[in-house]
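Everything on this sheet refers to the single structure shown next.
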Amino acid sequence: MINIFRLNYSLSIILSLMILSCTIPEDAFENPLDLEANAAKGIYPPALVFSPDSFNIKSGELIVFDLYALAVDSVAGAQIEIDYFASSLDFISYEQGDFFKSNAAPIFIVEDKNGKLFIYVTFMGPEKTNISGTGNIATITFISKIQGSTVISVNKSTLLLNQNAKEITINGFGRSIINVK
Amino acid sequence: MNKVSLYIFIILNLTNLNAQLDKKTMAVLNFKGIGINTLEAVTLTDIFNAEITKTNISSLIDRSEVKVSLKNQGLDQSSCLSAECISKVGAALEVELIMTGVINKNNESFNLEIKIFEVSKAMKPLLVTSLVNGEVVIRKKLKEVKMSPLKEKTVSYIGSTDGFINEIEIMAWELMGLNPPEIKVEKQKNIAQVLIVNNNNQYERVIRSALAPGFGQRYAGDKLWGWVWLGSEVVIGTLAYLEFSDYKTSLNNYNKYQQQYVESKHPDTITFLKIKSQESRNNMISRDKGMTNLLYAFAGVWTLNVMHAYFLTPENLSEAKNTNYFDLVYNNFLNQPEIRFSISLN
């Protein structure tokens, strides 16, 4: 008799706990290189995006993100302009990504001018003249200076050029939101 | 060998008991009632007395005679339970045996304890001389000896007053060392069946089934339905657990694919992981719905089980109620005995 009671109570408790513990997570797909996710944000390829596209950090912490070329076609060189708030962030360093890498070292120049970061990159030598697809152009490091929200974005004056130095239309300009606490 | 000895002992004991009671004069005092009123106690005593008379073992003093005689002596029957009082009553009534009883009623629980005292051996006349104001006074006193019951019997009964009355009647026969009439034993079986049903009243069944599916049905004697309801709940519970298990697996897969998706830098891999992640999530939703439905089913079956317990008509009830008979019963509402006639309408 006691066993029957225990069995039923156990069943009820287990079922209740099961139901209570069942939560369906949000259907969130936030990878900045996800074409569908970017399309939902109005960023269509070819595009230049940041990964990750958001940060939650403390003041004084480093912000390391990758600049990606997303689904580009026959790109031979680029002049990329990145905007940031110099009052909130300090540029620290950069590292060339593997997208423009070939046996012959490409031209890869980075300039920091009062809230604007310029990246010049182009293939050198006969081995490889252009590249298509998605890849990391550069890894950039900033440091946060003050609390608050700030944005790093790809300026619309950015240029992607093919091997004939003709401009490739860029449909998406990525941005990364930084929340500093 | 031991059994033979036991039988011989019982036979000798019964023979001895019959010899002790055989044709001796006896009076039955009003039972003392606890939890019942005096009228009820007197009624039950009358019933018991009538049954004792039927056994024709002892020579029973008429109840009215007992009443009048003791009233004249200023003795209260029902409260006369001490050896001294019983001795006095015995002497007053000039009987050899006195039968006393105590009925204890608590809700539907009855307890009757009856004792037979052989008062003829309890009190012996004794002449006592003493000096009062210088004169010798001779007084007759009864010398009291230690008195223990010649026989005593206790019966405990849970059920209706009808059943208790029948139990008293059976007890009267057994107390006199006789087998009770078959009709009374049979009647007690029928009452017992009704009692099973009475004990399983709707609300008790409902409460039991509400606490545990099938428990009310089992209590009502319907074990099959009891197991059906319990089994149903166990099956549904098991299915729900399996759904939960699948949900957990899907959740783990979802978390794993999500993590890989976030970390992936390759669009093709991202798309693949996204699809897998969505599949896991859809499966999770499906399992969650399945589990919720099973929970509803679980609750529904539980509710149906309670309703079934409420409307359940135990098989024994119809059989027991189909018996047509006249019966002397005690009406709890009117607080008086009455003759009842039952007839089956089907």
Any aspartates and glutamates with Cα under 19 Å of the B:Lys223 Cα? List them, leaving off those in the same chain fewer than 8 positions away. B:Glu204, B:Glu233, B:Glu315, B:Glu319
Kindly identify region A:17-171 as rounded, prolate or oblate by the Cα gyration tensor criterion: order the square roots of the eigenvalues as a ≥ b ≥ c, call it rounded if a/c is under 1.5, otherwise compare a/b with b/c, prolate if a/b is larger, else oblate. oblate
Listed by chain and number, the aspartates and glutamates with an alpha carbon less than 20 angstrom from that of B:Lys105, same-chain partners under 8 positions apart left out, are B:Glu40, B:Asp46, B:Glu113, B:Glu152, B:Asp162, B:Glu167, B:Glu169, B:Glu338
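Let me spell out the model: positive unit charges on the Cβ of Lys and Arg, negative unit charges on the Cβ of Asp and Glu, origin at the Cα centre of region B:194-308. What dipole size does that give, in debye rounded to 20? Could the numbers behind the result be given before it?
Numbers: 12 positive and 9 negative charges, 24 e Å.
The calculated dipole for region B:194-308 is roughly 120 debye.
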Over chain A, calculate the relative contact order: mean separation of alpha carbon pairs under 8 Å at least 6 apart, over the residue count, as a percent. 31
The local net charge around A:Ile137, scoring Lys/Arg +1 and Asp/Glu -1 for residues other than A:Ile137 whose Cβ lies under 11 Å from its Cβ, equals -2
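With a sphere of radius 12 Å drawn around the Cβ of B:Lys153, what net charge do the other residues whose Cβ falls strictly inside it have (Lys, Arg +1; Asp, Glu -1)?
Values: positive: B:Lys115, B:Lys151; negative: B:Glu113, B:Glu152, B:Glu167, B:Glu174.
Summing Lys/Arg as +1 and Asp/Glu as -1 gives -2.
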Taking the 0 to 90 degree range and rounding to the nearest ten, how far is the long axis of helix A:2-21 tilted relative to the main principal axis of chain A, both from C-alpha atoms? 20
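Could you sort out which of B:Lys32/B:Lys67; A:Lys58/B:Lys274; B:Lys23/B:Lys151 sit more than 23 Å apart by Cα distance in this structure?
Too far apart for the 23 Å limit: A:Lys58/B:Lys274.
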From the C-alpha gyration tensor of region A:66-153, square roots of 5λ in Å: 28, 12, 10
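Laboratory data are not the source of any read-out in this text; all were calculated from the coordinates shown. What you are looking at is a predicted structure, and each value in this text was computed from that prediction instead of being measured. A quick note on method: Cβ atoms are made from the backbone with ideal geometry, for glycine too, and the neighbour counts reach across all protein chains shown.
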